[in-house]
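Chemist: Just dropping this structure here.
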Amino acid sequence: MSLKNADKIFASLFPPVGSITHRLVISYSLLTLTVLILVSGLLYWILARNFTRENNQFLADQIHVLRKILKERPDDLDALRQEIEWEVVARSFEKYYARILDEQGQVLIETPGMAKIVVPSLFPEPIENGMPERAIKRKGREGQTLLLIAAWDEVGNSQTTKRLHQIALDISHEEAILSNYRRNMAIMLLVGTLFSVVIGAFIARKGLHPLQQIAKAAQGITATQLHERIAAAKWPEELTALATAFDEMLKRLQDSFTRLSQFSSDLAHELRTPINNLIGEAEVALSKTRAAAEYRQVIESSLEEFARLSRMIDGLLFLARAETADSQINKVSFEARQELETVREFHEAVATEQEIKVICEGKALINADPILFRRAMSNLLANALQYTPRGGAVILRAEKFDAQSITISVIDTGIGISPEHLPKIFDRFYRADLARSQYPQGTGLGLSIVKSIMELHHGSVCVTSEPSKGTKVTLCFPR
């Protein structure tokens, strides 16, 4: 059988889908059947081999006895006849036949009734000297199974006179024993296989019962019950990993649902403000006839709200794209100082207007997406400029942290962030009260975008701050 055919048979017995119980039962049954066949076959082979060895030994002994008599008393046919007859009488459970012929094929002595059972021509070719290695098995005239051997022997010390010994042993009772053994073996294989199917089904169902309990527990968990857990401690060792992984998945889902609900609530809140402003201004403008300058002022105010909505939508779209599994970035190696100078020049007008000094320091070769790098730095610098009072300073610093990473820091002398707000500043739309009052036009997405950019680069971002003294944001890029 080729390996390809073996694979096809294995695939048909154990399909990749279907009931695990059925697959286990088939495995148990095949294993039991294989063991029974091997054990039964081995025992049958040992029994048959012992019968054959004993029978061949008996026939060889009879040849040896007859040869000895013929050698010591070549003319004493009575001694040969007596030996043959006594041997037949002594064996109550085995039928033994012996015949001695001369060189012309004339029967000299034979067991009474042997001619009716086995004729001389049925015997195999006799050997000239020595002892036949083994007898042959043939059917007698009356259907008996006989074991036959034949051998020539010299009479006395004569080199010319020979006698032919033909000995037959009726082994029908042994064949019946072997046949009965084969029949019992077939019954045992059938009963053993059926028993293994029943026991295998019971064991499989019992063993898979905890898995069914896990499935039942999982079915009872809905979107409103994500706080529940399967409690992995009570399951068997083999299922503990599965239950633990499922509980961890539930934890992640619960966290995702919580953040999604919070995000939806925050998004509705953030959109409500500019939309209400637009509706209010439109209602006021339409309440009575106004001059062109007033309409222009309303449109300009609306444009500011539209710009805020546009920034918010752009930020949300970027975050949505960044969180997809197939998001890819175009990493190249570049000098970080040059990009920092570019970002500084872009915000130079705002910094000059607010009398804030922006300084670039350090040099480092970084491997990142230039566009995303500029966006992250622009968001951080814009935040620093918004929350740094006049006369303050902002430092953009690039440096080699260790052999495996490069750090980019944005350090300001602004209002700082209270410790209770630091764990939440990267959440979408989250803004401290002081930040909202000082810069109401913000969307609360800037730091969330920075964190997403760092995750795309497999890097990290951390913030240290002290109220009224300033804030330091550090981006760590892997080399």
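The values are calculated or read from the model by the stated rules, or taken from the named source; none is laboratory data. If you're wondering where the values come from, they're calculated on a predicted model, not measured in any experiment. Reconstructed Cβ throughout: ideal geometry from the backbone, glycine too, with neighbour counts over all protein chains shown.
Chemist: Can you confirm whether Asn180 is under 44 Å from the mean Cα position of the chain (by Cα), of a type in the set (S, T, N, Q), under 30 Å from Gly143 (Cα atoms) and at pLDDT 90 or above? Can you show your working first?
Modeler: On the way: under 44 Å from the mean Cα position of the chain (by Cα): no; of a type in the set (S, T, N, Q): yes; under 30 Å from Gly143 (Cα atoms): yes; at pLDDT 90 or above: yes.
No; evaluated as a whole, the condition is false for this residue.
Chemist: For segment 379-422: of the residues being outside any loop (DSSP other than H, G, I, E, B) and among the basic types (Lys, Arg), which is surrounded by the fewest Cβ atoms within 10 Å (Cβ to Cβ)? Step through it out loud before you land on a result.
Modeler: Residues of segment 379-422 outside any loop (DSSP other than H, G, I, E, B): 379-386, 393-402, 405-412, 422.
Narrowing further to those that are among the basic types (Lys, Arg): 397, 400.
Numbers: Arg397: 19, Lys400: 15.
If we take residues in segment 379-422 being outside any loop (DSSP other than H, G, I, E, B) and among the basic types (Lys, Arg), then Lys400 is surrounded by the fewest Cβ atoms within 10 Å (Cβ to Cβ).
Chemist: I'd like to check something: does segment 462-470 contain any residue that is closer than 25 Å to Phe346 by Cα, surrounded by 16 or more Cβ atoms within 10 Å (Cβ to Cβ), at pLDDT below 90 and not aliphatic (A, V, I, L, M)?
Modeler: yes
Chemist: Look through Glu294, Glu283 and report the one residue that is surrounded by fewer than 10 Cβ atoms within 10 Å (Cβ to Cβ), part of a helix (DSSP H, G or I) and more than 60 Å from the chain's Cα centre (by Cα). Walk me through how you get there before you give the answer.
Modeler: On the way: Glu294 fails: surrounded by fewer than 10 Cβ atoms within 10 Å (Cβ to Cβ).
When all the criteria are applied, what remains is Glu283.
Here is a yes/no grid of residues against (1) over 19 Å from Ala151 (Cβ atoms); (2) of a type outside the set (S, T, N, Q); (3) modelled with pLDDT under 75; (4) in the same structural domain as Ala201 (by TED's automatic domain parsing):
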residue	(1), (2), (3), (4)
Phe14	yes, yes, yes, yes
Gly41	yes, yes, no, yes
Asp78	yes, yes, yes, yes
Ile84	no, yes, yes, yes
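Chemist: Are any residues in segment 120-173 out of contact with any Leu (no Cβ under 6 Å at 6 or more places or on another chain), modelled with pLDDT of 80 or more, farther than 15 Å from Asp102 by Cα and aliphatic (A, V, I, L, M), and if so, which ones?
Modeler: Within segment 120-173, Leu122, Leu146, Leu148 qualify.
Chemist: Now a separate question. Tally up the residues in segment 333-373 that are within 44 Å of the chain's Cα centre (by Cα) and either in a helix (DSSP H, G or I) or β-branched (Val, Ile, Thr) (or both), please.
Modeler: Within segment 333-373, the subset within 44 Å of the chain's Cα centre (by Cα) is 333-334, 365-373.
Filter once more, keeping what is either in a helix (DSSP H, G or I) or β-branched (Val, Ile, Thr) (or both): 366, 370-373.
Of the residues in that region, 5 qualify.
Chemist: Could you check segment 359-387 and list, in sequence order, the residues that are modelled with pLDDT of 90 or more and among the β-branched types (Val, Ile, Thr)?
Modeler: Listed by number, the list holds a single entry, Ile359.
Chemist: Name the pairs: first residue in segment 340-354 and under 21 Å from Ile371 (Cα atoms), second residue among the hydroxyl-bearing types (Ser, Thr, Tyr), Cβ to Cβ under 6 Å, at least 6 apart or on different chains?
Modeler: The qualifying pairs are Val343/Ser378.
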